[in-house]
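> Got a structure for you, written out below as structure tokens; questions coming shortly.
A short reminder: the numbers here are calculations on the coordinates, not readings from a lab. Since this is a predicted model, take the numbers as computed values, not measurements. Cβ placement follows ideal geometry from the backbone for every residue including glycine, while neighbour counts extend to all protein chains displayed.
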């Protein structure tokens, strides 16, 4: 085809794609941009339930949803099932519940408990018979009367001899339970006792967070009842625990996390894939739930906690995901939350250089908590979180002031290196298990810290220190490949003590950070697939955390990042769907709108306090922006940037990324079965960057209608071909790039 005709075709295709790849500024001018519908934050400061369900004697529970009519009336009589109402807010919220009472009869006690998952709102009794009970008895003495509720079933024993009765009354002081009908046969002391469904229970870790737990009210007249602060919950269970009657006209929550409406988003993402879109916004909402606003719980500054309900502490490992997510979605407010959290971390540094894994753990003892020096590996994570803050914000003054502290931390972690340039540390990591010997994961983490410190030193510190850090990082890389590679696994073993154990995290990081030689990459990718389940990748064969969870989204995020890094986009997106797909499915019983801390082998969670809005699980938000949309920082604060989309079978994607220089907007479309990519980008003046589009030597690439790559040769913008992309070096500005003929 003649060049002029080809150029016109490319431009026409690019322009034709603008229905999908419309510049975000134009999309934002529309009455309702398509991405707005994915935003999960509440539109108003007071959040009301979307569903209500009664148990026992409850009239008109739906009135608490509609807010109309005479309200819902709960009535409890002695010996009968206590009246209760389950309020469902549809997704996690955080804050202070309020109940509007319009009428009271008697002297009832009203209890309120919250939960992220409905299955944990009631806690069954699990005790034993303390004294023998004979046939015909209706009163049985138990070892404990905890979690009993009138109207529930109670079972004495198991198997063919089990007797199931109904609880009609109980005495918590004497630890006795009254049942009906009478026992048909003797029940020996020590017999196991279980109940169903159990008594109302909170799923919060009050001892850690210092917040939450049951709220108990004793209303005597009409008025508003206000509960305590609850950090993260989808459900409220209101129970009239003692005889009487209460009419409730309304219920809501004063939202007290970071409430972001579409107008508050400084970055956004939208693609042709609805499930991936939901992941992006669930990750953003998870961070909003994890942000403690200034002044809440007696603490003046904003902080980013690990989870909405637990531990409600700053954690360095979590910040590695949380910091980029907060900054790339919220812009300056997100950066402020990161910086104030780092202030708490740096202030708790030990004299030997160690940074605490959590600088404010255990707020059950005091509002500010106390530093927890959780692990040496997490100490290094803390230094990396500071560097990430600088990378995404360009805040040179903050990073310069922190540099001496980061050098001390690096020196501390250096002490765990042995003569083979590998890390030996009997230490915990994110899945709370000690690993001994020369540990692959810890060695790679130290390699990454050294690389990050070298990057920082070259910009704000010492070139000599940078060179020394790079040399040590190179030595670790060589040692990992020489001593920790397992030919039998076709991957890296867990450690020198366990060379035959395949682990996800170490191999994923080895891919992400260029440890794996090109000739070994396919083998590592194949080995990692052996760890996949329908619900995500396991830690490794036989490995689990102390509660039995085998799938960690934090580790799965390492693997998706590793697969993107070696151009296995299909594998990265497939694992993303397995791990996070169930979390963003509103039909999943554990759905909260947030992303979960961990999973068990069947895709659920093993304990009530499992966090279902946990910041370290939010990696899809950043990865979809940086890998699928393709916009990532290169220099501090995006002074230099890269736009390199991984299309992965999608037909289009678009979005925006906030920077200190202005917003970067980008969008691309893959047309004609992937044979053409049209990309549009608007980048801030005063910056420079690289735009890369999928191509081969046969591809023709145009920029703003001008051919810049043809017949394997560049004709502008320093066009080169590398790793399956034509790469263009451009100053800040507006560009339409089209590629055809691959």
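> If you line up the long axis of helix 376-393 against the longest principal axis of the chain, both from Cα atoms, how many degrees apart are they, to the nearest 10?
Once rounded, one gets 60 degrees.
> Provide, as a two-decimal number, the C-alpha radius of gyration of the stretch 123-200 over 2.2 N^0.38 Å, N being how many residues it has.
Its radius of gyration relative to the 2.2 N^0.38 Å reference: 0.93.
> Kindly rank 377-390, 481-494, 586-599, 702-715 from highest to lowest mean number of other beta carbons found within 10 Å of each residue. Working shown, then result.
Details: 377-390: 25.0, 481-494: 18.7, 586-599: 21.3, 702-715: 16.4.
Those peptides, ordered most packed to least, come out 377-390, 586-599, 481-494, 702-715.
> Could you tell me the relative contact order of the stretch 123-200? Use alpha-carbon pairs under 8 Å, at least six residues apart, and round to a whole percent.
Averaging sequence separation for qualifying contacts and normalising by length gives 45 percent for the stretch 123-200.
> Next question. Can you tell me the FRET efficiency between residue 88 and residue 347 if r is taken as the Cβ-Cβ distance and R0 is 30 Å, rounded to the nearest 0.05?
E(calc), rounded to 0.05, equals 0.15.
> Return one number: the angle in degrees, 0 to 90 and rounded to the nearest 10, between the long axis of the Cα atoms of helix 553-565 and the longest principal axis of the Cα atoms of the chain.
For helix 553-565, the angle is close to 20 degrees.
> If each of residue 32 and residue 704 carries a label point 7 Å out from its Cα toward its Cβ, how far apart are those two points in nm?
3.7
> In whole angstrom, how far apart do the alpha carbon centroids of the stretch 360-399 and the stretch 477-526 sit?
Here the answer is 29 Å between Cα centres.
> Right, something else. Can you pull the one-decimal nm distance between simple spin-label points at residue 696 and residue 174, each 7 Å off the Cα toward Cβ?
It works out to 8.6 nm between the two label points.
> From Cα pairs below 8 angstrom and at least 6 apart in sequence, can you work out the relative contact order of the chain, rounded to a whole percent?
Relative contact order, the chain: 13 percent.
> A further question follows. Determine the gain in length on full extension of the stretch residue 146-residue 162; use 0.36 nm per residue of separation and subtract their C-alpha separation, reporting nm with one decimal.
Stretched fully, the residue 146-residue 162 segment lengthens by 3.7 nm.
> To the nearest 10 degrees, how steep is helix 396-414 against the longest Cα principal axis of the chain, on a 0 to 90 scale?
80
> Compactness ratio of the stretch 556-688: Cα Rg over 2.2 N^0.38 Å, N = residue count?
1.20
> Would you give the gap between the C-alpha center of the stretch 215-242 and the C-alpha center of the stretch 665-742, rounded to a whole Å?
Each part's Cα centre sits 59 Å from the other's.
> How high is the FRET efficiency from residue 66 to residue 107, r the C-beta distance, R0 30 Å, rounded to 0.05?
Computed FRET efficiency for residue 66 and residue 107 comes out at 0.55.
> Then there is this: Between (i) 111, 76, 63; (ii) 95, 63, 50; (iii) 115, 67, 48, which entry matches Cα extents along the principal axes in Å as derived from the coordinates of this structure?
(ii)
> What does the highest-first list of 554-562, 114-122 look like by mean Cβ count within 10 Å?
On the way: 554-562: 26.4, 114-122: 22.4.
Taking the mean over residues of other Cβ atoms within 10 Å, the ranking is 554-562, 114-122.
> Extension gain residue 118-residue 59, at 0.36 nm per residue separation less the Cα-Cα distance, in nm?
Result for the pair: 19.1 nm of gain on full extension.
> While we're here: I'd like the FRET efficiency for residue 478 and residue 642, computed as 1/(1 + (r/R0)^6) with the beta carbon distance as r and R0 of 41 Å, rounded to 0.05.
Result of the calculation: an efficiency of 0.90.
> Let me ask you something else. Roughly how many nanometres apart are two label points built 7 Å out from the Cα toward the Cβ at residue 189 and residue 153?
3.0
> A follow-up question, please. Which length gain, in nm to one decimal place, applies between residue 526 and residue 134 when the Cα-Cα distance is subtracted from 0.36 nm times their residue separation? All intermediate terms of the calculation are to be shown ahead of the outcome.
Numbers: separation 392, 0.36 × 392 = 141.12 nm, distance 6.26 nm.
Between residue 526 and residue 134, full extension yields 134.9 nm more.
> To continue, here is another question. Which parts of the stretch 700-737 would a label at residue 570 reach, counting a residue when its backbone N lies under 11 Å from a point 7 Å out along Cα-to-Cβ?
Hits in the stretch 700-737 for residue 570 at 11 Å: none.
> Calculated from DSSP H runs of 4 or more alone, at -39500 (n - 2.57) each and per residue, what is the 222 nm mean residue ellipticity of the chain, nearest 500?
Estimated from H runs of four or more residues: -8500 deg cm²/dmol.
> Also, I was wondering about something else. Relative contact order, percent, of the stretch 617-659 when contacts are C-alpha pairs under 8 Å separated by at least 6 residues?
34 percent.
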